[in-house]
Amino acid sequence: GGGADDDHGADGEHHSDGGADESDNDGGGAVVAVAPAPPKALTFGRWRFLPTPAFRRIMHYLRDSPQSMGYVSRICREWRRLALEDPVLVQTVWRDALEKARMWDEALHYIPVELLSVTRTVAVLPSSSLTSDRSLQWLGTRLGESETPPQLRDLNMAVCRSITDRGLKQLGDGGGAARLERFTLNSCQHLTDLGCTYLGAYFAHLKFVDLSDCTLIGDKGVAELANGCMELADFRAAGCIRITNKGVKALAASCLQLQHIDIRRCAEVSDGALTALVVSCEELKDIELGGLPKLTDAALETLSSLGTTLLRLDVTGCPNLTEAALARLAKKCTRLQRVAASRSEFVTTAVTLKFGSGVFQLR
């Protein structure tokens, strides 16, 4: 690789041994102009001399693939230094890529921990075979070892069906996610009440948790979660068929700042749970109760006491509710933006007039 370059001196001049170029000149032929050779560093492809704007541009093109950005940052020491220290990359390209892209499980292991520590959101692509407890263990451990306080606030592991209670414990033990405020775990079907115990023990600052379709979670788990996460404002557990009035009452007793609750298809929940919620959680704005066959008009009477606080209500699939009860609710809750209910012989299009156009939705 260095043959041609060895014929060039330090000053860039071409030194000939009397070969073809000089012979042509002596014979009156055209003079061949030899351009100065480029610096050896670039000739030999030493990438560390790539200008910083060019490196930024490369990373910009890779912003939709944090894993590829991680690969690039490992090419050489200079590139890694730029990837970790260049303020333009860290504050814009890297943070934007990490917070907007959903990554494969393996990609997490290629992202420098220095960059993970400054991002507020991490989302992992759902995969039953790849995404497992090791992702949570790695995140907790590496972020816990970070020299700067981790900024992680939002972790999305939705539909990562291989995650178990053990993974939540490992994440908590690592200490790097202690300030989490949002944790999405819907359809992580191996999670049980023990996993909720770990959530309450390690993540006291949670304001949002989604456990929808985690069918092994019941009243005990909800109570443990509520006791540890008293700042919870948004609780979603649609399809958690083991949750009953007991679990909802425990939630209401501890999480007084609750604003949104989704307990659709928790078929054992009845009017008593709604009474506990309304009495304790005065800031409730969004209530999703679809698919609760035990609810009666008494539940709507209870909800009407929320008055102008209530903005959205879903009571689809609740066959015992009547049009008259819905009309009374509309009269008291004057700021309702959306009400969803099932069409039946008791609930007809006539009730739409009492709520106003665009508010009432019959399904």
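Looking only at region 255-289, filter to residues that are part of a helix (DSSP H, G or I) and of a type in the set (Ser, Thr, Tyr); which one of those is nearest to LEU313 (Cα to Cα)? Looking at residues that are part of a helix (DSSP H, G or I) and of a type in the set (Ser, Thr, Tyr), I get THR275. Look through region 123-173, keep the residues that are farther than 20 Å from PRO112 by Cβ, among the hydroxyl-bearing types (Ser, Thr, Tyr) and at pLDDT below 90, and return whichever of them is farthest from the chain's Cα centre (by Cα). Only one residue fits best here, namely SER129.
Within region 257-282, the residues that satisfy the criterion of being within 20 Å of VAL209 (Cβ to Cβ), surrounded by fewer than 20 Cβ atoms within 10 Å (Cβ to Cβ) and more than 25 Å from the chain's Cα centre (by Cα) are ALA276, SER280. For region 178-186, indicate whether the set of residues that are touching a residue at least 40 places away in the same chain (Cβ under 8 Å) and touching a Cys at 6+ places or on another chain (Cβ under 9 Å) is non-empty. The answer is yes; a qualifying residue exists. For ALA298, the conditions (1) at pLDDT below 95; (2) assigned to a helix (DSSP H, G or I) all hold with the exception of (1).
Given the criterion modelled with pLDDT of 95 or more and over 20 Å from the mean Cα position of the chain (by Cα), identify the matching residue among LEU194, LEU206. After ruling out the rest, the residue left standing is LEU194. Checked against (1) among the aliphatic types (A, V, I, L, M); (2) buried (at least 21 other Cβ atoms within 10 Å of the Cβ); (3) not in a loop (DSSP other than H, G, I, E, B), LEU180 passes all but condition (3).
Scanning region 190-223 for residues that are open to solvent by 50 Å² or more (accessible area, probe 1.4 Å), out of contact with any Asp or Glu (no Cβ under 7 Å at 6 or more places or on another chain) and not in a loop (DSSP other than H, G, I, E, B) yields ALA201, TYR202.
Got at least one residue in region 230-237 being open to solvent by 40 Å² or more (accessible area, probe 1.4 Å), closer than 30 Å to GLU145 by Cβ and not aliphatic (A, V, I, L, M)?
Yes, there is a match, as at least one residue in region 230-237 is open to solvent by 40 Å² or more (accessible area, probe 1.4 Å), closer than 30 Å to GLU145 by Cβ and not aliphatic (A, V, I, L, M).
The values are calculated or read from the model by the stated rules, or taken from the named source; none is laboratory data. A quick note: this is a predicted structure, and the numbers were derived from the prediction, not measured. Cβ coordinates were reconstructed from backbone atoms using ideal geometry, including for glycine residues, and neighbour counts include every protein chain displayed. Just the protein is used for accessible areas: all its heavy atoms, side chains included, with ligands, DNA and RNA removed. Shrake-Rupley method; radii C 1.70, N 1.55, O 1.52, S 1.80 Å.
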